[in-house]
Amino acid sequence: VIWVDLAGGQDQRFTIVPNGDPQVAADLWAVAEQLGYARWFVQEAGATADSSVQVFSDHGQAATAIADPDYTYLRTTSDTPDKLSSGSLEQVGRVLEVYLEQQ
């Protein structure tokens, strides 16, 4: 299970969630590196993912998240469509596409 959350913002930085499946995360981040996205998919532990990833993990499903927990506009009235980045959405989409093609 790959939980995509808070993706699409400008200048995003995705780190590896410590409560996710390490192999799935390693595979996703390796794809990101192959695609030249290492600047945005950083190979370091980040914040613990919300309960969404944990629920799947607790039920024996390999799960991780692609999320930017430091999204500036989270839960504010400034979180509007003009903050979206087509480039960031494309990066996440390409990583998922290539990862899934390799499975």
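Bear in mind these aren't lab numbers, they're just calculated from the coordinates by the rules spelled out. Just so it is clear, the structure is predicted and the values come from calculations on it, not from any experiment. Positions of Cβ are generated from backbone atoms using ideal geometry, with glycine treated the same way; all protein chains shown enter the neighbour counts.
Going through (1) in contact with a helix residue (DSSP H, G or I) (Cβ under 8 Å, 6 or more places away or on another chain); (2) surrounded by fewer than 15 Cβ atoms within 10 Å (Cβ to Cβ) one by one, Arg39 falls short only on (1).
The test for being buried (at least 20 other Cβ atoms within 10 Å of the Cβ) and in contact with a helix residue (DSSP H, G or I) (Cβ under 9 Å, 6 or more places away or on another chain) holds for Thr64. Does any residue of region 81-102 turn out to be basic (Lys, Arg), closer than 16 Å to Phe14 by Cα and surrounded by 13 or more Cβ atoms within 10 Å (Cβ to Cβ)? The answer is yes; a qualifying residue exists.
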